[in-house]
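Worksheet: the structure to be examined is printed underneath.
Each value in this text was obtained by applying a stated rule to the coordinates, not by laboratory testing. Everything numeric here is computed off the predicted structure, so don't read it as measured data. Positions of Cβ are backbone-derived with ideal geometry, glycine not excepted, and every protein chain shown enters the neighbour counts.
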């Protein structure tokens with residue numbers, strides 16, 4: 001199968017000639033969609049601050065925003081709920097952006113942030129640290145080392161002598177992820193029983209112990225900036241390497257940049273919330289189903305939808321079974337599985 005005969009990603013096009021009314025209608029529809037998702041993002045953060053085991057009314061929340069007064073309500077909102085809500089939104093946005101970038105890089109509609117083994121490497125490092133009884137700081141460091149090691153291995157085996165092959169990249173990532181997952185399973189079998197529950201929570205995704213989201217927001221801003229600046233080249237890359245190269249795109253540097261941008265976003269998300277599945281796979285497809293395929297609009301919209309979705313899912317995870325908290329990855333999977341089956345059923 002040649003590179004030019006494989007078109008897994010939907011590519012929108014206008015009938016020729018392009019009319020002014022068509023452009024105006026398309027621009028207005030995207031503007032409306034952006035406004036809707038922006039309202040959804042603000043609403044999801046508002047719900048995350050409002051809902052919880054400690055009762056907070058909407059009036060108290062508004063007063064705490066505009067007239068902050070030290071007290072129990074203020075501490076619950078700004079010291080407990082706000083950091084977790086911001087962490088959830090950043091994590092969801094990073095996963096959605098990474099998924100969108102990897103889908104155009106691999107030219108595979110089923111690519112997601114964990115397909116390159118980054119999550120498996122981070123999971124192996126974190127679980128190894130938990131087995132040794134390490135604290136949160138050392139566990140995060142071990143997870144970071146594992147994720148970076150996976151990135152170096154995949155890149156080193158896929159890029160040789162200035163030759164980049166996306167199919168070799170995909171195969172290397174899948175094989176490495178399978179091997180690392182086997183080691184993760186081995187650690188789970190051999191770990192002390194008292195530590196298994198914490199390991200399972202990390203593997204299923206959990207934002208209960210998320211640290212400061214500041215670094216994740218910085219990474220999200222950088223990834224978004226890179227994606228929007230290179231949006232036109234990403235659209236051309238979706239047509240195929242040969243066509244993109246014939247249209248003046250420096251394909252290999254672009255592919256390397258997209259790989260590291262997606263890997264950086266995945267590492268930041270995994271470090272923040274563990275292995276939370278389906279967002280990076282499902283959200284970009286949902287945006288495409290709404291008629292948006294150009295990356296200048298797709299990336300910001302996917303980020304807003306991914307952040308809103310994970311924020312709402314995390315709010316449900318900590319309130320549905322209160323005071324017991326559920327791993328947020330369970331809820332994203334329960335929603336993501338039927339959504340992906342629906343997408344696959346509609347795919348021609």
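Tabulated results
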| read-out | value |
| --- | --- |
| GNM result for the chain, Cα springs below 10 Å: residue of 59, 186, 50 fluctuating most strongly | 59 |
| Spin-label model distance (nm) - residue 296 vs residue 247, 7 Å beyond Cα toward Cβ | 1.3 nm |
| Alpha-carbon centroids, region 59-105 and region 134-193: separation in whole Å | 29 Å |
| Fluctuation leader among 310, 38, 86 - the chain, Gaussian network, Cα springs under 10 angstrom | 38 |
| Anisotropy class of region 233-317 from Cα gyration tensor, a/c 1.5 cut | oblate |
| Point-to-point label distance, residue 321-residue 39, nm (Cα→Cβ direction, 7 Å offset) | 3.4 nm |
| Spin-label zone in region 301-320 - amide nitrogen under 16 Å from a point set 7 Å from the Cα of residue 61 along the C-beta vector | 308-320 |
| Radius, Kirkwood style, for region 194-348 when every pair of distinct Cα atoms is counted (Å) | 17.2 Å |
| Overall form of region 115-226 per C-alpha gyration tensor (a/c, 1.5; a/b vs b/c) | oblate |
| Mean ellipticity per residue at 222 nm, deg cm²/dmol - from DSSP H runs of n ≥ 4 across the chain, formula -39500 (n - 2.57) | -24000 deg cm²/dmol |
| Förster radius 35 Å - calculated FRET efficiency between residue 185 and residue 24 (Cβ-Cβ, nearest 0.05) | 0.05 |
| Cα gyration tensor shape of region 28-93, rounded if a/c is under 1.5, else prolate or oblate by comparing a/b with b/c | prolate |
| Whole-angstrom gap from region 224-245 to region 284-348, using each part's C-alpha centre | 25 Å |
| Fewest-first ranking of 245, 84, using other Cβ atoms within 10 Å as the exposure measure | 245, 84 |
| Theoretical gain in end-to-end length, residue 148 to residue 53 [0.36 nm per residue, Cα-Cα removed] | 30.4 nm |
| Span per principal axis, largest first, for the Cα atoms of the chain (Å) | 62, 53, 35 |
| Sites residue 256 and residue 178, calculated FRET efficiency, Cβ-Cβ separation with R0 30 Å, nearest 0.05 | 0.80 |
| Order of 131, 332, 136 - criterion: other Cβ atoms within 10 Å of each residue's Cβ, fewest first | 136, 131, 332 |
